[in-house]
Amino acid sequence: MPNDFAARVLHAVRRIPPGRVSSYGDIAVLAGKPRAWRAVGNIMRECRRPDVPCHRVIAAGGRLGGYGGSEGLKRSLLLAEGIEVAGTRVLHLDRVRWTPKPKRSEVSKSPTGDRKRTSGRRRSP
DNA sequence: AATCTGACTGTTG
DNA sequence: CCAACAGCCAGAT
């Protein structure tokens, strides 16, 4: 299934349980392309389906990201699910962040969750 | 088929 | 904390 990426993304978003949120990067990983967060955002924007809780998909760092330009609406939806939000940021991100791999219920400590990525600004011609 | 855009992310200033 | 730059992917024009 080559072009099932969109379908996988929608499926991943759909399996997000209530009271939890996922980041675009996580969705991309679930879809099978850990580097397609961009496409995920595009798909979300296109999606607009009631069976896909796009409002549970947030940006990295707990930022709400966007919601058709109405971040306030997204904030309300998240608050309605029991997720605390401050301004454009989600609080308790560590517990609301839903990720597959139950690995002992939830993340209690930092299970070697190191993020190594040698990249960022490559300007040097 | 080629080019642009974007509900992204991380680093640097 | 915010602005800018760079890297990556899929869909739309």
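Quick note: the coordinates plus some simple rules give every number you see, no bench work behind them. Note that this is a predicted model, so its numbers are computed, not measured. Note that each Cβ is placed from the backbone with ideal geometry, even for glycine, and that neighbours are counted across all protein chains shown.
Observations on the structure shown:
- Its residue count N sets the reference 2.2 N^0.38 Å, and the alpha-carbon radius of gyration of segment A:1-50 equals 1.03 times that reference.
- Long-range HN-HN contacts of A:Leu91 with modeled amide H, under 5 Å: A:Glu84, A:Val85, A:Ala86
- Computed lengthening from A:His11 to A:Asp51, 0.36 nm per intervening residue step minus Cα-Cα distance: 13.4 nm
- Efficiency of FRET from Cβ geometry, A:Leu79 and A:Asp4, R₀ 30 Å, rounded to 0.05: 0.35
- Rounded, prolate or oblate (a/c below 1.5 giving rounded, otherwise prolate when a/b exceeds b/c) for segment A:16-92 by Cα gyration tensor: prolate
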